[in-house]
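Presented below is the structure to which this report refers.
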Amino acid sequence: MSSLTRPVAALVPPHGRGLPTRGPAFRPGSDAPAAAMSREALSAWRADINRIASEGSGDGLSVVLYALTRPGGDPHGDLATAQGYADAQQLVVVDRIFDVVAGDDHPCVVDPALRRGYARALHLMGDPSSPVRGLVAVSRTAVTPADRTYRDQLALCAARGTALHLVRGETAM
């Protein structure tokens, strides 16, 4: 029997002892402090991602304006602020998208891909036939308050060659 087909022995703790728990850095889905990046590092990384996306866009980077609001909230103020930023940066606005999410809907607050509007923006940014190559939001919290998820969104933008513009930058949580 080769080592590839031989069954793996189960990890059994000695009698009377349990297995040690995994530290926060090794727990799936954790936002361990060891993996955290400073606001300055995140901002610099995002600036590089945006610069590369802009360089590859030719005449002007086409973007979607995005806003996140609570039930009863009005997304128009955030969309107007994002529009002003886009105008100042000479970005071409293709669409305006917003989501309404209740504060108790934790999965949608944390994971922007679960929101219909944000998922649509991601689809547009990833579709080669779409002119959209970036997203403009007022703040990082419109994307996600979770550090790891935010880094994942930046990594996705970097991999796709798309941009993520924030009017307020990486503000403190």
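Where helices (runs of 4 or more DSSP H) fall entirely within region 60-173, none has at least 3 residues that are touching an Asp or Glu at 6+ places or on another chain (Cβ under 9 Å), among the hydrophobic types (A, V, I, L, M, F, W, C) and free of Cβ contacts under 8 Å to residues at least 60 places away in the same chain. Any residue that is in contact with a strand residue (DSSP E or B) (Cβ under 8 Å, 6 or more places away or on another chain), surrounded by fewer than 17 Cβ atoms within 10 Å (Cβ to Cβ), over 23 Å from Gly72 (Cβ atoms) and of a type outside the set (D, E, K, R) - is there at least one of those in region 107-125? No, region 107-125 has no match at all. Scanning region 91-102 for residues that are at pLDDT 95 or above and either over 17 Å from Ala121 (Cβ atoms) or of a type in the set (Phe, Trp, Tyr) (or both) turns up just one, Phe98. Flag not set for Asp95, criterion: touching a strand residue (DSSP E or B) at 6+ places or on another chain (Cβ under 9 Å), of a type in the set (Asp, Glu), surrounded by 19 or more Cβ atoms within 10 Å (Cβ to Cβ) and farther than 17 Å from Asn50 by Cα.
The values are calculated or read from the model by the stated rules, or taken from the named source; none is laboratory data. Quick caveat: nothing in here was measured; it's all calculated off a predicted structure. We place every Cβ from the backbone using ideal geometry, glycine too, and count neighbours over all the protein chains shown.
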